[in-house]
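Structure first, then comments.
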Amino acid sequence: MGLEEVAPAKINQRREKEMVKTRYWLVAAVAAGLAVAGYAVSSVSAKARATAASRKFTIYLSNNYMGNEWRPQMENVAKVIASSPQYRGKVSLQIRNVQLTPAAQIQSLQSIILQKPSAIMVDAASPTALNPTIEQACHAGILVFTFDQVVTAPCAYKLPENYRAEAEDMANWLGTVLKGKGNILMDTGLPGIAISTTFLNVWKHVLATKYPHIKIVGTFSSQYAPGPELQGVSADLAQNAHISGILSGGYCSSDIEALRRAGRPLVPLTCLDVNGNEQACAKAKLPCFFFGAPAWVSGVAVEHIVNLLEHKVKYPKSEFDYNTNFVTKQGDVRFKHVQKLQVLTPGVNYYPKESAALITPVTFGNWKLTPKEVLNG
Amino acid sequence: MKQVGSWIRGRLGVASSYALCAVLFVIGAIHSPGFASASNIRQMLVFASFVGFAALGQTLVIIAGGLDLTVPWLMAFGGIELSRLAAGGMPAVPAIALVVAIGAIIGLINGVGVTWLRIAPIVMTLAMGGLVQAFLLAVGELQSTGDQVPAVAVHLASNRVGPFPVVAIVWLGFAVAAGIVLSRSAFGRRLYAVGANDTVAWLSGVNVALIRILTYTISGAMTTFGGVVLAGYVGTTYLDIGGPYLFTSIAAVIIGGASILGGSGSYWGTVAGALTLTVLSSLLPLFQLSNAGLEIVYGVVILIGVWLASTGHRLLGRLWRRGLALPDNMQGGAGDVSA
Amino acid sequence: MSSSAPTRRLPRLGVAMPQRLSWNSALTAAILLALIIIDLSIQPALANLTQIGLLVETAMPLVMVSVAQTLIVLVGGIDLSVGGMFVVANAVTVVWVGGGGGAHQLLIVAAFAVGIAMGTLNGLLVTGLGFQPFIATLGTWTIYNGIALTILPTDGGTPPPFLSNFMVATVFGVPTSIVMLVVVFLAWRCLRATRFGGRIYAVGADEERARLNGTSVRRVKLAVYGLAGLCAAIGGIYAAGADVSGTPTAGDAYILMSVAVVVIGGTSLRGGEGGVGVTLMGAMALTLINDIVDALNLNTWVSVAASASLLLVMVAGRTLVEAQLRQRRRR
Amino acid sequence: MSGVLLKLTGVRKRFGAVRVLEGASLEARAGEVHAVLGENGAGKSTLMRILAGVISADAGQVTLDGRAVSLGSPSAAVAAGIRTVFQDLSVIPQLTVADNLLYGSETSARGLVLRRRRQELARKLLDGFGLGRIDTAAPVSELGLGDRQLLEVVKALRKSPRVLILDEATSALSATDSAWVLAQGRAAAAAGAAVLLITHRLHEVRATADRITVLRSGVDVLNGTVDELEDDALITAMLGRRAEVLYPSRVPPSAEDVLKVVGLVAQGLPGPIDLQVNRGEILGVGGLQGQGQRELLMALAGAQPWAGGVATLLGAAYAPRSPREALRRGVAYVPEDRQREGLFLGHSVQSNITISGLGSFVRHGLLDARAELRAAQDAAARVGISHDRLSARASTMSGGNQQKVVLAKALLGEPAVLLLHDCTRGVDVGTKAEIFELMSRIAAAGTAILFYSSDLSELVHVCDRVAVIAEGRLGAVISRDELTEDAILRVAVRLTAGSHGRVAA
């Protein structure tokens, strides 16, 4: 029975045996081929490493996000400082960028630790999630210096933005400018991000306790990007006839644009210290408050790290405090945290002819960086 | 009259999407008087059009049984590359044409990878998105960022003709064109055929590979154009500008009644989806929910919208007919593609 | 008659070979092997158990999410909510379970249950209300993300102590991460050999046929979605332990990555073909790719491009090889 | 012969507006093979699906041993002892033979079943049925269609069922395999089961069944033992009218060749194949199943790449690289599997018919809806589909009508060559006659037809000549005056056995 199937079944067996053999051959071939390629690559990179590894301090900059203008400029400043005459002979800076997830940064840090550098400077994807890895680096005798987004691990040095202080200053400034009354819009930032939570909590607290007659009539999620801020504010404006101020952690330029398009009078604003924001506020002669998140924080970090490595200074491992908030006009406000309140001045803290993406100010300490250096590295 | 009835019946899924959009709008209008103001409607039309541009190609790709995840990066590419070209001295209009053409070529590569190399669309377009992202990072690293968006794009995005925003008019034009192409052209019919069953389509003499590649190419071009307009509207460009449009573009297509498996859907449905999502995201902040609450409500409404467009409208229709004591003989119908 | 039945043993090796070493696993194993060799040659310091344990530890959340994704893909679906389930479990672990200083360590079971519940909800939407899996999970992903944010508004919290201890423990000198990887693999092999395991494949291959064979497609799918929820939750719980804290936004990155892992491993997105075994290899392969690209210390854009290209080359190569083989087989 | 085991009374079922069963009744006795006959759409398959628990009846009662049973799901039916060999196969291609055979079996319910143990169990089972040649570790997808159907039978018989349903179980099988399946049916009956046999082949009924029920339009219209009922009476009962001549008269073809192939070689078709089809000729393609006939038709349709050979079509060179090119040159193909390869089930009949010819309806870049409708109506009229069905979804049509839609699609472009792959399989007698009539008409109008059928008698009655393919080679071309089923079979078997030095068992 079924005579026609007999022959194919036979052929099937024979072929099957051959195929099993072929599979192992294939596994071996692919593995071997790729391994050869791997050796080639690794020998090249080993050569590159050998030239770099002299007496210099190797500092790794571990960053986790490149999606906005701040991070590239932060890296540029670090590069400029590290390659300045003062540090050129001392420091070899390596930059590693990964995706915006703790997992990616942890993996990258693991591989950095294997290189046994002198120090790692970390702009952290999470204040807590990197802690075990950071501890591990400290154990390996590596100096860990976190900045901007810092970690809570005790063994790491921390140079954070003082968001709590900045948020307090922002709310106080707006409360004062509005004379304690009016309808305002509030930015909820980016869900789940530490800075947004801090801003929101502090703002709400300050307004509730000190300025009870200021009413929050609308919220929007700026996501710290111009697009969502423009959309969010526009939507809120369309629904609210009277707005007397906007408390945002994002973009005044987008707020002004939204107000203009809606045909509304301009109102006092708070936002990031980005050149575009400052240009817009200056042009509109509008009272604005720019909270400082300077990109040169990485330069400060490099300085500190070298000092620490050379045992020139001893820093506490608690948080450093620094701040650069400034406003367009010196208001009649007493700020608890602001160390230096500046008036918006062309060429000093904003640059009318430069890119809107430039993070200002570009100079700090004794370093006189140019906008070009910060923008292009 | 009977014809009108059957015409509507064949499009109940799409109709339900518009109904959902209307319901959300009414809720907004009741809750806050400013919601129904001309300025807010205009605003929402503009926002919806960005989704609409990104979702046009997505609609075609999904009807053909694919998926395009390059959207956010191509949108970013549209704005950044245009600004870069303009900063280099290129006149705006040819620069826009060039950028859109490059977007089309990137889409073309997607299509070639999906059809000829047989890479799953989700992986091909994901990886292609990675390559575009790498290019943008390279541009950012090697050259100055923050170039000005050319005025043409800004005008396109923010000017008005009478009470109507220019973008919305452009969008309407694209919608009409896409509607005609899908329902009245040979390409459209073949597109549905490819999505419904590509083996049958191939054996029926349809150039399956060409159709697929074309959908990705159109998607690449339209998404890039959307990026140009979005950059014009925002007035500046940055890498993450397209981020919100990845899943929004897909959700709009699905809320518009398309099956993610391919073979059905329409651009007018997608338009409804884009409008619904935009009204929803304008509506939610009114209720001053926390970010967490916002996300939960957003997800729930998307599910309701999709349910209405796929199966829910049939159920509601049955209830409605029962209320009017009409005979329940509405089975079958013209189907999605018969002209 | 039985004489004509092929007995698939290779006597020369003296070992009983698996009945059919599939092309799929062979290819994935080859890719993984090559990547291991490359990574070790670039970073010789990696070659000890502790370091490998650390590498596996960083890969583990991705591994578990990918396992969840594989299960769903095997029954012909796709799950965008794995990231959401991941973060909810993550938040629950560091807030509710670890919250009281780890006084109620057994509450970790609740975190598992939450995962199963979320997965089951997905399953109900798909099997009960007829949602396409892609769409159902697109909706629930956002919802779960919102829930996670409600529980844990921003990074922080502490996992129960036993969990963080588990991370640093070893079993006979082998780090727990590696042990867990092996356990996951064995658990899968066991599951695969049960009746339920067979049904997963049957349902994924052809629902109608599975039904004709007396299988309740709905029940199998529901169970698979629940199980996937559990796996994604374990990923979140593990991440809480590894990071000694929770991150309510960490999930999204895993969604498309897990799909990529499933494809790299060689599980067919059409369902019914592949398995968790190849996915484990795929997840390690992707982790190694990242590790290699990272270790080469390239410019950001180069490394992004390299990762994307490697993904493309691997998947395209696999499809081409498979197409070739299928043709040969047909001859 | 014992008493009634299975009894169905007044079973009703409708799908939407279509009433499929309108009070059908059936009595099957233990120890008997009971044939259920009827045209396609008469409700046989629906009735069997209700018995198998795949769909549930709107009304009616099923009793087993005098007790009412509820068959809510396939597993409930299985629990009641009802096993079905489905027309649409239920084996799962991706799983191995062993996994399929043991699927859901109690032995693996508790804990783990090691793979080797599974293989042993499956092997023992297959050996018991004399099917030791099937590799238990192979995925079913690597098996031929015939073997899959045999597995299906083994699966159903594994648990000695009380009721065995053979739902067109032989329609995809060669004569030898069919005989095997029918013998298994008889054996099951001898073991005390009630066997329900559904087939379109009357000779199988004559050879196997004890009793016959004929269904027409959802009602049982005739019932009796095989000996009582004459073929004529059966056909009359099935059609509801006098049996007409099934096979049409033929107009002799001209000697002018339309398609001429020399040395064709393709994948799965080691060839070389030399063929010639003349204007107005119906050239049969015959042989045992799976010997390369599919590959031959696919290659000619441009759906399979050519590895060698040249062809001329209407005097010009012809080597299609795609179905598109073949269609453009006037070669239309009707594929084997109408549901998977022939139709967009979710689209309207009209869209299905016109898809290949859309290009010709384009006016000013857009489709001319009127021209399309006219063309669709013409094509529908030729195959006998009424115009008001044009807007219905293809999935709502019966099997026979679906096949007509596929034919209408192929005829739309007025092809010079028509390639038909088993287009009468699973089609009821009435539609079959219509299809043959249509083929004859088309041929008379000058089209050359290549017709492959798994039913040798069809080839003998319809074709002018038959090319017998065996092992992917051309065995012989049998001319009209020598054309008998025997002749075809002899060529096919001689070649298959000869090439391997083996003689059929």
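All of the numbers you see were taken from the coordinates with simple rules; none came from a lab. Please read all numbers here as calculations on a predicted model, not as lab measurements. Positions of Cβ are backbone-derived with ideal geometry, glycine not excepted, and every protein chain shown enters the neighbour counts.
For region D:437-481, the residues whose backbone nitrogen is under 18 Å from a point 7 Å from the Cα of D:THR312, taken along Cα to Cβ, are D:448.
Modelled spin labels at D:ALA444 and D:THR484, positioned 7 Å past Cα toward Cβ, are 2.9 nm from each other. The charge dipole of chain D, taken about its Cα centre with unit charges on the Cβ of Lys, Arg, Asp and Glu (plus for the first two, minus for the last two), comes to roughly 1380 debye.
Across the alpha-carbon set of chain C, the Rg to Rh ratio works out to 0.99, Rh being the Kirkwood radius. Cβ crowding within 10 Å, taken as a proxy for footprinting-reagent exposure, orders D:ILE55, A:ILE359, A:ILE81 from fewest neighbours to most as D:ILE55, A:ILE81, A:ILE359. Of the GluC sites (Glu not before Pro) found in region D:251-316, the ones in coil according to DSSP and having at most 14 other Cβ atoms within 10 Å of their Cβ are D:GLU256. Comparing C:THR319, C:THR158, C:THR249 in a Gaussian network model of chain C, where Cα atoms under 10 Å apart are tied by springs, the biggest mean-square fluctuation is seen for C:THR319. Protection proxy ranking for B:173-184, D:160-171, using the average of other Cβ atoms within 10 Å per residue and placing the highest first: D:160-171, B:173-184.
Region B:287-303 and region A:264-285 have their alpha-carbon centroids 31 Å apart. Think of each Lys and Arg Cβ as +1 and each Asp and Glu Cβ as -1; about the Cα centre, that makes the dipole of the protein assembly as shown roughly 720 debye.
Note on A:LYS90 and A:LYS283: the extension gain reaches 65.1 nm, defined as 0.36 nm multiplied by sequence separation minus the Cα-Cα distance. Taking the square roots of five times each eigenvalue of the Cα gyration tensor of region C:179-307, the equivalent ellipsoid has semi-axes of 32, 18, 14 Å, listed largest first. Modelled label positions at B:VAL26 and D:GLN61, each set 7 Å beyond Cα in the direction of Cβ, lie 5.1 nm from each other.
If you take the Cα centroid of region D:112-160 and the Cα centroid of region B:24-102, the two points sit 57 Å apart.
Think of the protein assembly as shown as having a plus end and a minus end, set by charges on the Cβ of Lys, Arg, Asp and Glu; of B:VAL51, C:ILE108, C:THR28, C:ILE108 sits farthest toward the positive end of this dipole. With the simple spin-label model, which puts each label point 7 Å out from Cα in the Cβ direction, the D:PHE129 to A:LEU309 separation comes to 7.5 nm.
Taking a sphere under 11 Å around the Cβ of C:GLY266 and counting the other residues whose Cβ falls inside, with K and R at +1 and D and E at -1, yields a net charge of -1. Pairs spanning more than 19 Å between alpha-carbon atoms, out of A:LYS158/A:LYS368; A:LYS79/A:LYS314; D:LYS44/D:LYS155; A:LYS116/A:LYS158; A:LYS179/A:LYS210; D:LYS13/D:LYS432: A:LYS158/A:LYS368; A:LYS79/A:LYS314; D:LYS44/D:LYS155; A:LYS116/A:LYS158; D:LYS13/D:LYS432.
The calculated P(r) of region D:278-361, using every Cα pair and 5 Å bins from 0, goes 3, 12, 18, 23, 20, 14, 7, 2, 0 in percent. Listed from fewest to most Cβ neighbours within 10 Å, the set C:MET167, A:MET66, B:MET75 follows the order C:MET167, A:MET66, B:MET75.
How would you rank D:TYR452, A:TYR87, going from fewest to most other Cβ atoms within 10 Å of each one's own Cβ?
Fewest to most other Cβ atoms nearby, the residues stand as A:TYR87, D:TYR452.
Calculated FRET efficiency, D:SER70 to D:GLU142, Cβ-Cβ distance, R0 = 45 Å: about 0.70 to the nearest 0.05. For chain C, the membrane-span-like helices by this rule, meaning whole DSSP H stretches whose C-alpha atoms cover at least 30 Å of axis and whose Kyte-Doolittle mean is 0.5 or above, are C:49-74, C:217-243; this says nothing about an actual membrane.
The alpha carbons of chain D give a radius of gyration and a Dmax of 23.7, 74 Å, in that order. Each Lys and Arg Cβ is given +1 and each Asp and Glu Cβ -1; about its Cα centre, region C:51-318 then shows a dipole of about 920 debye. Restricting the calculation to Cα atoms, every distinct pair contributes to the Kirkwood radius of region A:163-291, found to be 14.1 Å.
Pairwise Cα distances in region B:31-104 exceed 18 Å for 57 percent of all pairs.
Looking at region D:23-97, what % of the alpha carbon pairs are farther apart than 18 Å?
In whole percent, the share of Cα-Cα pairs in region D:23-97 beyond 18 Å is 46.
For the pair C:SER309 and D:GLU22, a Förster radius of 56 Å applied to the C-beta separation gives a FRET efficiency near 0.30, rounded to the nearest 0.05. Reducing region C:29-66 and region A:196-249 to their Cα centroids gives an inter-centroid distance of 46 Å. Counting every alpha-carbon pair across the protein assembly as shown, the share separated by more than 48 Å comes to 44%. Pop the C-beta distance of B:VAL93 and B:LEU315 into the FRET formula with R0 = 51 Å and round what comes out to the nearest 0.05. Efficiency, rounded to the nearest 0.05: 0.55.
Volume per residue for region D:345-412 equals 72 cubic angstrom (convex hull of Cα atoms).
For trypsin sites (Lys or Arg not before Pro), the sites in region D:307-377 that DSSP calls loop and that have at most 16 other Cβ atoms within 10 Å are D:ARG321.
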